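For reference, the structure is listed below as C-alpha cells.
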Amino acid sequence: MVRLLRFYQSSVGKKVVVAVTGAIMYGFIIGHMLGNLKAFAGPSALDQYAEMLREIGEAFIGHGTFLWIARAVLIVAIVLHVVTIIQLVRRNRRAQPTRPSMRRNRSTLAAKWMAISGTLILVFVVIHLAQFTFGWITPHAAGTADFEVGKVYSNLWGAFNIWWVAGFYVFMMVMVCMHVYHGAWSMFQTLGLDAPGRNKILRGSAAATAIILFLGFSAVPICMVTNAIGAPDPEISSEVQDPPRPDQPKLETGGRREG
Ligand code: HEM
C-alpha cells in the first residue's frame with residue numbers, strides 16, 4: 001500500500017493513473033454510444049440490451065450487481081482522473097515558470113475551456129442520471145408513456161419527443177465531444193507521447209473519436225425528435241410478448257407517434 005502511494009506521488013505514477021482512468025472513461029463512453037445505437041434495432045433490442053447489462057454475472061453476484069460495480073469503478077476513475085490531472089498541471093507549471101506568453105495564453109484558454117466544459121458535463125451527468133437511470137426528472141411529450149424502469153426505448157422516446165430535451169442533449173454532445181477531443185490531445189501531451197512526427201496522427205485520432213462519438217450519440221435524439229425511427233408500441237412489453245390471439249387485430253409496430 002505504501003509502495004502504491006509512493007508510486008502515485010511520482011510523476012510517472014500520476015501519468016499512469018491519468019492514462020488508465022482515461023482509458024476506462026473512453027471505454028465507457030464508446031460502449032455507451034454503441035449500446036445506445038441498439039435503439040435503431042427497435043425497442044425490444046434496446047430494452048433487452050439494458051437488461052442484459054444487469055444480468056452479467058447474475059448467477060454468482062446477483063442481479064444488477066455487476067452494473068453497480070461498473071458504476072463504482074467509473075466514479076472512482078472520474079475522481080482520480082480529474083484530481084491527478086490538476087496535480088500534474090500544477091506540477092508542470094511549477095517546473096516551467098517562464099514560458100513564452102503566447103503559449104501561456106493558449107494553454108490557459110484551453111485549461112479554462114476544459115474546466116468550463118468539464119463542469120457542464122458533470123452537471124449534465126447528474127441531470128442525465130436523474131432522468132434516465134433514477135426517473136426523478138421525467139419530462140415527456142404529451143401522448144407518450146410515463147417513465148418506467150427498464151423501458152429504456154420508451155423513456156428515451158417520451159423525452160426526445162420534446163424538441164428542447166433533444167436539443168439539450170445534442171448541445172451537450174457538442175460539449176462532451178469537444179471535451180473528449182481536447183482531453184485526448186492534452187492527455188497525449190501529459191503522457192509525453194506528442195512529437196512533431198506523430199502529432200498529426202494523434203490529433204487526427206482524437207478528432208475522429210470525438211466526431212464518431214458526436215454522430216453516434218446525437219443520432220438517437222435527432223432520429224426520435226424527427227420521428228425518423230419508430231415509436232415504441234405501448235401494447236408490446238419488451239419482456240413479455242404474448243402471441244396475438246386470433247380475434248385480436250394485428251398490431252402495427254414501429255409506427256409514428258400520433259399528435
Ligand atoms: C444522446 C446521448 C445519450 C443518451 C441517449 C443516453 C442514454 C442513457 C440511458 C437511457 C441511460 C439509462 C440506461 C439504463 O437504465 O439501463 C443512461 C445511463 C447513463 N449514461 Fe447516458 N446517454 C447519453 C449520453 C451520455 C454521456 C455523454 C454520458 C457521459 C458523459 C453518459 C453517462 C451515463 C451514465 C454514467 C449512465 C448510468 C449508467 C448506469 O448506471 O446504468 N450518457 N444513458
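Quick notes
- Taking packing as the residue-averaged number of other Cβ atoms within 10 angstrom, the listed peptides 58-64, 162-168 run from highest to lowest as 162-168, 58-64.
- R0 of 45 Å, Cβ-Cβ distance Ala207-Arg54: FRET efficiency to nearest 0.05: 0.85
- Calculated FRET value between Lys15 and Trp113, using beta carbons and R₀ = 22 Å, to 0.05: 0.50
- Label-to-label distance, Asn227 versus Ile86, with points set 7 angstrom from Cα along the beta-carbon direction: 4.8 nm.
FYI, it's all coordinate maths here, none of it is from the lab. All values derive from a computational prediction rather than experimental measurement. Cβ: placed from backbone, ideal geometry, glycine included. Neighbour counts: every protein chain shown.
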